[in-house]
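Asks: Quick one: structure below, then a few questions.
The values are calculated or read from the model by the stated rules, or taken from the named source; none is laboratory data. Since this is a predicted model, take the numbers as computed values, not measurements. Note that each Cβ is placed from the backbone with ideal geometry, even for glycine, and that neighbours are counted across all protein chains shown. Each accessible area value is taken on the protein alone, full model and side chains, heavy atoms only, with ligands, DNA and RNA left out. Shrake-Rupley method; radii C 1.70, N 1.55, O 1.52, S 1.80 Å.
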Amino acid sequence: MRGLFLCALWLLVLITFVSSTPEPSRAEADPTSTAEPKLAWFRGSFKKAIEEASLRNVPIVILVMQDNEASCERIYNDVLKDSKIVKHFKKVVAIICATEDHPEKRNKKGTYCTRYGSVPCRTHQAHHRDAYRKLFSGSTMKVPNAVFCKPDLEIVVKLEDETSSGLFDTAFKKVLRAVGRGLSRSELKSYRLAITRSRNFLSKDQYAASLAALQGLSKLPKKSVLAKRVATLRARSEEGSRNTIATAVKEFTEGHHFASLSRLEKLVNQLGDSDAGALAKSTLKKMAKTAEGRKAMRDLKKDRGLQKLFERAEKAFVRKRLAEAVRTLLQIRDRGGDLPTAKRAAVRLEALRKHEKAGAIIAAHEKETQAAELYAEARKAKKAGDDSRVAELLKRLKAEFPKTKVRRRAQREFQKTK
């Protein structure tokens, strides 16, 4: 009886152990649920992939896969997870082609296939159809199939039913050498931004700024699409810069010396060591040796000093120090005469007259200026011995500008004359 009880107990333990053992999950049983490789497959259309490869001057790598096929599974589980191969994929436009449906998830970029990652199933299915039409039309599309192409879809290497990471590595190196220097996606954004800015400057005839926008871009092979666009923009900007130099020379001969040398100085600073920059520099040196050129260069130096004062006034406005800002602008206007920065200050002051506090400061300053003119005239009359004229001017000062500092100074100086 006891033996029968022990047998029953062991049987119960065995049943409990078997029932507690988890069944293989779908992820373990289904090869399509294996954790996806960390690859950034191209999400756009096949046409867009070719356009991006052309712009970046990078190869296109097309991988044709099929679920539950032994060689494809080896590529999926070994080749696509090899760190060296993953690095190679970052340097190309990678297209995954497969006809099957798989479970999908969502992230910030949108829906993606849990088998291949990065793209939804409808995308790798559309790529399969397009790849067949572009590369395999009239022939059999074997799987697995890896095609390494130039941006124009010229095939450099084709691997059919090959599952070796070494062969993939060799194929990547060969196609990268064949295409040459390319751009990353971030570099492509920089190129596009620079080209857009350059075109905008060209449309405004700002040739030096257009050239400056193209400086510092990574070098690409001359045959690449972006390199040709940049070369065209540079040529147009250089030509426009030479025309600007010719305009500056004409201005100088017509007597507009300050405007001419100011234009040339800006070109020299913006064009740098380019051919047009060297031409602008030599032209500026030649003009600066003339008497008119020397005076214009002095005015340019003075105007740069006034620009610093103008910046100081702007900072005072930002810090809400209105009186300091207005007095600085008045100083610029009075010292600058016909210089551009002095004219800017005058325009700003006119706008500030409507402000109660600023208007009062401007009015007081202008009274002091007018009083100073009468004071200077009175001193000349005293020097000439014209006492009646001195008395007349002092009377005007007292009547018209009684509370000015200049009037009090004149009163002290001319007490004996009075």
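Asks: Which is farther than 20 Å from ALA248 by Cβ, buried (at least 17 other Cβ atoms within 10 Å of the Cβ), touching a residue at least 24 places away in the same chain (Cβ under 8 Å) and small (Gly, Ala, Ser), of ALA296, ALA313, ALA323? Break it down stepwise before answering.
Replies: Values: ALA296 fails: farther than 20 Å from ALA248 by Cβ; ALA323 fails: buried (at least 17 other Cβ atoms within 10 Å of the Cβ).
Being farther than 20 Å from ALA248 by Cβ, buried (at least 17 other Cβ atoms within 10 Å of the Cβ), touching a residue at least 24 places away in the same chain (Cβ under 8 Å) and small (Gly, Ala, Ser) holds for just one of ALA296, ALA313, ALA323, which is ALA313.
Asks: Right, another one. When the residues of the stretch 131-151 are filtered to those that are more than 14 Å from ALA94 (Cα to Cα) and charged (D, E, K, R), which remaining residue is farthest from the chain's Cα centre (by Cα)? Spell out how you get there, then give the answer.
Replies: Initial filter on the stretch 131-151 (more than 14 Å from ALA94 (Cα to Cα)): 132-144.
Okay, now just the ones that are also charged (D, E, K, R), so 133-134, 142.
Numbers: ARG133: 39, LYS134: 36, LYS142: 45 Å.
So the residue we want is LYS142.
Asks: Follow-up question, since we're still on this one. Across the stretch 256-268, which residue is farthest from TYR191 (Cα to Cα) among those that are open to solvent by 30 Å² or more (accessible area, probe 1.4 Å) and without any contact (Cβ under 8 Å) to a residue 24 or more places away in the chain? Before you say what the answer is, go through the steps one by one.
Replies: As a first pass, look at the stretch 256-268 and keep what is open to solvent by 30 Å² or more (accessible area, probe 1.4 Å): 256-259, 263, 265-266, 268.
From the residues that got through so far, the ones that are without any contact (Cβ under 8 Å) to a residue 24 or more places away in the chain too are 256, 259, 263, 268.
Details: HIS256: 38, ALA259: 34, ARG263: 28, VAL268: 24 Å.
Once the filter is applied, the top-ranked residue is HIS256.
Asks: Step by step: first the residues of the stretch 328-351, then only those that are charged (D, E, K, R) and either without any contact (Cβ under 8 Å) to a residue 12 or more places away in the chain or surrounded by 16 or more Cβ atoms within 10 Å (Cβ to Cβ) (or both), then the one that is farthest from GLN307 (Cα to Cα). Which residue is that?
Replies: Applying the first criterion (charged (D, E, K, R)) to the stretch 328-351 yields 333-335, 338, 343-344, 348, 350.
Now narrow it down to the ones that are either without any contact (Cβ under 8 Å) to a residue 12 or more places away in the chain or surrounded by 16 or more Cβ atoms within 10 Å (Cβ to Cβ) (or both): 333, 338, 343-344, 348, 350.
Numbers: ARG333: 11, ASP338: 14, LYS343: 11, ARG344: 10, ARG348: 14, GLU350: 18 Å.
Residue satisfying both the conditions and the ranking: GLU350.
Asks: In the stretch 108-163, what residues are in a loop (DSSP other than H, G, I, E, B) and in contact with a His (Cβ under 7 Å, 6 or more places away or on another chain)?
Replies: First pass over the stretch 108-163, keeping only residues in a loop (DSSP other than H, G, I, E, B): 108-109, 114-120, 137-144, 150-154, 161-163.
Result: THR114, ARG115, TYR116.
Asks: Something else now. Enumerate the helices (runs of 4 or more DSSP H) found wholly within the stretch 1-104, keeping only those where 3 or more residues are more than 30 Å from ALA227 (Cβ to Cβ) and either of a type in the set (Ser, Thr, Tyr) or modelled with pLDDT under 55 (or both).
Replies: Working: elements: 2-20, 26-29, 46-56, 70-77, 83-89.
Where helices (runs of 4 or more DSSP H) fall fully within the stretch 1-104 and carry at least 3 residues being more than 30 Å from ALA227 (Cβ to Cβ) and either of a type in the set (Ser, Thr, Tyr) or modelled with pLDDT under 55 (or both), they are 2-20, 26-29.
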